[in-house]
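Reviewing the structure listed below.
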Amino acid sequence: MSRDFAALGAELAPRVLDEMRQLVAISTPSGELDGTEQAIVLCQAFLDGWQTERLPCSTERCAPDLLLTLAGTGSRRLLLLGHLDTVVGHADHEGPRADGERLYGSGTADMKGGVAIALAVARECARSPADFAELSVLLVCDEEWRIAPFRHVDRFSGYDACLCFEAGEVSEDGQDGVIVRRKGAGTMRVLATGRAAHSGSAPQDGRNALLALAQAALTIAAVNDPHGEHQLTVVPTVVRSGEAFNVVPAAGELICDMRAKHTAAFALAVAAVPSEVGGARLEAVMERVWPAMDSEASAAPLLAAASQLLGRPIVPRARGGASDASHFAPAIPLTVDGLGPRGGGAHTPQEHVHVASLADRIAVALCIARAAIDLR
């Protein structure tokens, strides 16, 4: 791998941008099959000649995940990690659209831009097979909506490094950052059971599940304390109740997204759910718990070595958003995330990447990968 990483990043950026555009042009919401298979075919072509394996996805009825592997003659094993699914359904999918220094489109930042950089890093690492024993690129198809246990950790336990390509960022003073700490993530579903009644002639006979969920949402949200001891955020995000405009709703559900420094703090939100409101019963169920990640100490030597290669600092950063890197960190202590392009608006119609950041972010990712291979 070349040692002039800034120049190499600029050289590789046009191809990365082109491959990003091709991936973003395909709509791949979680659970979708046809578009996902199209994106997988593209990724296989982008790493032509690598061994291909399709692994059962953690989520049933999703397309099998993609594993691309290349054997070398060295000693280090490196995992490059990403996902192909987006939260945006077909009807709302936005294809790639350039506007000034931004490329807009569904999945640009989260995380097809990161996938494109990961594939570029993989190709560049592959030029020196004596430097590694195995390079693996794992692209999963269910990261955005998975509630089942993640099934790939044991397969890669014992690898020397895991590099994940979620969106990158800069520090407050403009230095390139990578993610070494993430909050734990949880999804709580609150189920309401009330009693139906005619909303015009006999509303007093009903037990309104919708009102119960509304009160529960306010009570749960009051637990939110992002600057407290647990850095706990509790955000009601979805409520469903009622089937007719003239019937007291008898059932419903409320979904809350939670993040915290440690997942044990989610118990505070569960305990805040009242058991009954206005005669309607409430039950809290935890459907997804993703672990927190803290690899700052183990990654410090790596960041120091990569900064030296790059000729400028690469600084550790923390982020609240969940990532599959959090699952691998306990099994692969040298886990670093946030190696994708800089951007914003993830999960919204304004999702974008900063095209001008591509060369710098590719150079950062190359230096991290090079340092991970060299580290002993």
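Matching residues to (1) surrounded by fewer than 19 Cβ atoms within 10 Å (Cβ to Cβ); (2) in contact with a helix residue (DSSP H, G or I) (Cβ under 9 Å, 6 or more places away or on another chain):
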{"position": "71", "(1), (2)": "yes, yes"}
{"position": "80", "(1), (2)": "no, yes"}
{"position": "90", "(1), (2)": "yes, yes"}
{"position": "99", "(1), (2)": "yes, no"}
- Message: What are the pairs with Cβ atoms under 7 angstrom where one residue, in the stretch 363-376, is over 13 Å from residue 303 (Cβ atoms) and the other, located anywhere, is acidic (Asp, Glu)? Sequence gap at least six, or different chains.
- Response: 366/124; 373/131
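Please verify whether residue 267 is over 16 Å from the mean Cα position of the chain (by Cα), modelled with pLDDT of 95 or more and under 16 Å from residue 185 (Cα atoms), treating the condition exactly as stated.
Working: over 16 Å from the mean Cα position of the chain (by Cα): yes; modelled with pLDDT of 95 or more: yes; under 16 Å from residue 185 (Cα atoms): yes.
Against the criterion (over 16 Å from the mean Cα position of the chain (by Cα), modelled with pLDDT of 95 or more and under 16 Å from residue 185 (Cα atoms)), residue 267 qualifies.
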- List, please: which pairs have Cβ atoms under 7 Å, are six or more places apart or on different chains, and start with a residue in the stretch 1-27 that is within 16 Å of residue 339 (Cβ to Cβ) and end with one that is of a type in the set (Asp, Glu) and assigned to a helix (DSSP H, G or I)? 1/124; 9/360
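Inside the stretch 270-290, can you point out the residues that are under 22 Å from the mean Cα position of the chain (by Cα) and surrounded by fewer than 18 Cβ atoms within 10 Å (Cβ to Cβ)?
Applying the first criterion (under 22 Å from the mean Cα position of the chain (by Cα)) to the stretch 270-290 yields 286-290.
Answer for the stretch 270-290, where residues must be under 22 Å from the mean Cα position of the chain (by Cα) and surrounded by fewer than 18 Cβ atoms within 10 Å (Cβ to Cβ): 286, 287, 288, 289.
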- Query: Would you call residue 182 touching a residue at least 12 places away in the same chain (Cβ under 8 Å), surrounded by 21 or more Cβ atoms within 10 Å (Cβ to Cβ) and basic (Lys, Arg)?
  - Reply: yes
- Please verify whether the stretch 234-253 includes one or more residues that are surrounded by fewer than 20 Cβ atoms within 10 Å (Cβ to Cβ), touching an Asp or Glu at 6+ places or on another chain (Cβ under 7 Å) and hydrophobic (A, V, I, L, M, F, W, C). yes
- Message: Let me confirm something: among 91, 39, 63, 13, which residue is more than 25 Å from residue 332 (Cα to Cα), assigned by TED's automatic domain parsing to the domain that holds residue 325 and part of a loop (DSSP other than H, G, I, E, B)?
- Response: 63
- Query: Mind checking which residues of the stretch 111-164 are farther than 30 Å from residue 352 by Cα, among the small types (Gly, Ala, Ser) and either out of contact with any helix residue (DSSP H, G or I) (no Cβ under 9 Å at 6 or more places or on another chain) or assigned to a helix (DSSP H, G or I) (or both)?
  - Reply: 130, 133, 158
- Residues in the stretch 305-314: is at least one over 23 Å from residue 136 (Cα atoms), in contact with a Gly (Cβ under 6 Å, 6 or more places away or on another chain) and among the hydrophobic types (A, V, I, L, M, F, W, C)? no
- Query: Hey, any hits in the stretch 283-300 for a residue that's more than 30 Å from residue 84 (Cβ to Cβ), touching a Leu at 6+ places or on another chain (Cβ under 7 Å), of a type in the set (Gly, Ala, Ser) and in a strand (DSSP E or B)?
  - Reply: no
- Residue match in the stretch 214-225 (condition: assigned to a loop (DSSP other than H, G, I, E, B), within 15 Å of residue 282 (Cα to Cα), in contact with a helix residue (DSSP H, G or I) (Cβ under 7 Å, 6 or more places away or on another chain) and in the same structural domain as residue 261 (by TED's automatic domain parsing)): no
- State whether one or more residues within the stretch 343-353 are farther than 25 Å from residue 292 by Cβ, part of a helix (DSSP H, G or I), among the acidic types (Asp, Glu) and touching a strand residue (DSSP E or B) at 6+ places or on another chain (Cβ under 9 Å). no
- Message: List the residue pairs whose Cβ atoms are under 6 Å apart, where the first residue sits in the stretch 114-133 and is within 17 Å of residue 178 (Cα to Cα), the second is buried (at least 22 other Cβ atoms within 10 Å of the Cβ) and of a type in the set (Gly, Ala, Ser), and the two are 6 or more positions apart or on different chains.
- Response: 114/82; 114/340; 115/82; 117/340; 117/365; 118/82; 121/365; 121/369
- Scanning the stretch 313-364 for residues that are touching a Phe, Trp or Tyr at 6+ places or on another chain (Cβ under 9 Å) and among the charged types (D, E, K, R), which turns out surrounded by the most Cβ atoms within 10 Å (Cβ to Cβ)? 337
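The values are calculated or read from the model by the stated rules, or taken from the named source; none is laboratory data. Since the structure is predicted, the reported quantities are computational estimates derived from the model, not experimental observations. Virtual Cβ from ideal backbone geometry, glycine too; neighbours counted across all protein chains shown.
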